[in-house]
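Below is one structure, written out as structure tokens, with a few remarks after it.
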Amino acid sequence: MGYRPSILINRLDAERLQRLIDDAPEKDLAVAELLEAELARGEVVDPDSVPDNVVSMNSQIQFTDVERNRQMTRTLVYPHAMESVEDAISVMAPIGAGLIGLKVGDVADWPLPNGGTARLRIDAILWQPEREQQYHR
């Protein structure tokens, strides 16, 4: 799959993501499998132990698609929140699944449905629930 730095995942996010994976519809199975592999290799910690430089669910992230030299700002959300968050990217979208648990400065390769690869660099975390002590969202 290319280079994947180590990742850190909030325990509450990990539990919610596992439920999402378990209930994934047929069309999302490929992303669900990749996400499940990420959860399996990630270090799961309590929400109050997540450093403020780690991408967690509902974080607003500034990142660069290095291959396309395109910087974006997106909020990583669960699929049900897609319509209520202006700059949302779903954790069940190929790129969204690749962001969870990365740290500012990390560069990671992530497979795309068309057979290509995205190389993502985390530039900044503009907002993070754990930093704001909003653990139950």
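Looking across ALA88, ALA97, ALA118, one residue alone is within 15 Å of THR64 (Cβ to Cβ) and of a type outside the set (S, T, N, Q). It is ALA118. Residues that are under 17 Å from VAL77 (Cα atoms) and either among the acidic types (Asp, Glu) or at pLDDT below 95 (or both) within the stretch 35-57 comprise LEU35, GLU36, GLU38, LEU39, PRO47, listed in sequence order. Pairs meeting the criteria (first residue in the stretch 14-27 and without any contact (Cβ under 8 Å) to a residue 40 or more places away in the chain, second residue surrounded by 10 or more Cβ atoms within 10 Å (Cβ to Cβ) and not in a loop (DSSP other than H, G, I, E, B), beta carbons under 6 Å, at least 6 apart or on different chains) are ALA14/LEU39; ALA14/VAL44; ILE21/ALA32; ILE21/LEU35; ILE21/GLU36. Only helices (runs of 4 or more DSSP H) whose full extent lies in the stretch 1-119 are considered here, and the ones with at least 2 residues that are within 14 Å of PRO129 (Cβ to Cβ) are 11-22. Tally the residues that are loosely packed, with under 15 Cβ neighbours inside 10 Å and either out of contact with any helix residue (DSSP H, G or I) (no Cβ under 9 Å at 6 or more places or on another chain) or within 22 Å of ILE125 (Cβ to Cβ) (or both), restricting the search to the stretch 26-56. Going through the stretch 26-56 one residue at a time, the tally reaches 12. Remark: pairs (first residue in the stretch 87-102, in contact (Cβ under 8 Å) with a residue 24 or more places away in the chain; second residue of a type in the set (Lys, Arg); Cβ separation under 7 Å; 6+ apart in sequence or on different chains) = ASP87/ARG74.
The values are calculated or read from the model by the stated rules, or taken from the named source; none is laboratory data. All of these numbers come straight from a predicted model, not from anything done at the bench. Cβ sites come from the backbone with ideal geometry, for glycine too, and all protein chains shown count toward neighbours.
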